[in-house]
Amino acid sequence: MNDVVHLRNCKKISLITDLITGEIACSHCGAVVSEKSVAESSDSSFASGEEYMSNSRTGQKISLKMADMGLSTVIESKDRDSTGRSLSAENRRMFYRLRMWDRNSRFANTSQSYVRAFTLLDGLKSKLGLSDNVVEQTAYLFRKITIKKILAGRSTVGMLCATTYIACRMTNTPRTIQDVASAGNIKRKQLQSIYRFLLQELEIYPESYSPTEFVTRISNESNVSEKTRRYAISILLKSEKIGLTTSKNPMAMAAAALYLSSLKHKEKISQTKISRISGISSVTIRDRSGEIRQKLGGEI
């Protein structure tokens with residue numbers, strides 16, 4: 001219909017093509033015919049966009065952001081295309097810059113570091129059964145070391161586990177360093193090293209755990225009677241008065257006291273079972289039990 005109206009009214013055949021929209025229109029009357037041409041400007045627009053991206057770093061970031069619509073992008077480390085062919089030198093330089101900007105955008109941003117760390121903290125909370133007070137204290141300490149730039153160049157998981165253990169010590173929440181290391185899937189020696197480093201940097205001096213705080217945990221898992229549990233606590237209180245528990249592993253002292261208490265009340269619980277529950281070796285339990293017997297003597 002547009003063609004018929006154009007031929008009746010204009011009667012002049014002088015058509016031009018819009019390179020942007022691909023529409024064909026009359027240069028005299030402006031009527032648009034029904035046919036559309038192939039967009040020949042695609043190559044030229046791509047060339048101009050490529051030139052714009054190569055000349056302006058800011059323009060490149062904006063163009064990339066518009067291209068992926070805010071979605072995450074994975075850039076492989078190998079300089080090959082989808083067919084396995086090696087990229088040209090110019091493309092290799094371009095992708096090197098893309099990888100650098102992608103890495104900086106993900107790790108240099110403090111808020112992104114907080115998101116990753118607090119996601120890990122939520123997992124530690126579930127595994128260790130931590131209270132909200134411990135989680136808040138851990139988050140405060142982690143922000144503090146981030147502001148002081150102590151975190152730079154160090155493992156986020158290790159630093160978060162160390163701050164979690166410090167928060168447990170400060171809030172008197174009985175969790176051993178082995179518990180935190182197992183929950184964070186890191187080695188105990190690595191966690192101990194980071195823990196000592198943070199104590200020096202933050203100038204924090206938390207009090208040591210009392211062995212009585214671990215008696216309930218071991219007794220519940222070993223199914224001993226309440227009488228045995230209470231007597232084990234009394235043994236530890238007597239040991240604390242004479243300074244026997246000083247510089248000793250509180251979990252080891254609790255395991256040894258519970259073992260002596262079970263012998264006193266003739267409950268069948270072996271050193272191997274207590275060792276498995278507490279995470280303390282049978283040799284250490286025997287050594288601590290011998291020290292308690294030697295110091296307290298007839299009191300037990």
Among residues of the stretch 219-232 being touching a helix residue (DSSP H, G or I) at 6+ places or on another chain (Cβ under 7 Å) and in a helix (DSSP H, G or I), the residue farthest from His265 (Cα to Cα) is Glu221
Within the stretch 223-233, is even one residue within 27 Å of Arg169 (Cβ to Cβ) and of a type in the set (Ser, Thr, Tyr)? no
Q) When you look at Thr176, is it touching a residue at least 40 places away in the same chain (Cβ under 8 Å), under 30 Å from Ile150 (Cβ atoms) and either surrounded by 20 or more Cβ atoms within 10 Å (Cβ to Cβ) or aliphatic (A, V, I, L, M) (or both), yes or no? A) yes
Restricting attention to the stretch 199-218, the residues that are in a loop (DSSP other than H, G, I, E, B) and over 30 Å from the mean Cα position of the chain (by Cα) number exactly 1
When the stretch 144-153 is checked residue by residue, the ones that are surrounded by fewer than 15 Cβ atoms within 10 Å (Cβ to Cβ) and under 16 Å from the mean Cα position of the chain (by Cα) are Ala152, Gly153
By my count, helices (runs of 4 or more DSSP H) wholly in the stretch 233-300 with at least 1 residues that are of a type in the set (A, V, I, L, M, F, W, C) and free of Cβ contacts under 8 Å to residues at least 12 places away in the same chain are 250-264, 282-296
Taking the stretch 253-276 and the residues there that are touching a Lys or Arg at 6+ places or on another chain (Cβ under 8 Å) and either at pLDDT below 90 or surrounded by fewer than 17 Cβ atoms within 10 Å (Cβ to Cβ) (or both), the one that is farthest from Ser222 (Cα to Cα) would be His265
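For (1) β-branched (Val, Ile, Thr); (2) touching a residue at least 12 places away in the same chain (Cβ under 8 Å); (3) surrounded by fewer than 17 Cβ atoms within 10 Å (Cβ to Cβ), each residue gets a yes or a no:
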| position | (1), (2), (3) |
| --- | --- |
| Leu128 | no, yes, no |
| Leu141 | no, yes, no |
| Thr156 | yes, yes, yes |
| Arg169 | no, yes, no |
| Ala181 | no, yes, no |
| Arg188 | no, no, yes |
| Leu199 | no, yes, yes |
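Can you pull out the residues in the stretch 63-122 that are hydroxyl-bearing (Ser, Thr, Tyr), part of a helix (DSSP H, G or I) and at pLDDT below 75?
Of everything in the stretch 63-122, those that are hydroxyl-bearing (Ser, Thr, Tyr), part of a helix (DSSP H, G or I) and at pLDDT below 75 turn out to be Ser63, Ser105, Thr110, Ser111, Ser113.
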If we ask which residues in the stretch 125-144 are closer than 14 Å to Cys161 by Cβ and not in a helix (DSSP H, G or I), their number turns out to be 1
Selection from the stretch 204-216 of residues surrounded by fewer than 18 Cβ atoms within 10 Å (Cβ to Cβ) and under 14 Å from Leu258 (Cα atoms) yields Glu213, Thr216
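The values are calculated or read from the model by the stated rules, or taken from the named source; none is laboratory data. If you're wondering where the values come from, they're calculated on a predicted model, not measured in any experiment. All Cβ positions, even for glycine, are placed from backbone atoms using ideal geometry, and neighbour counts span all protein chains on display.
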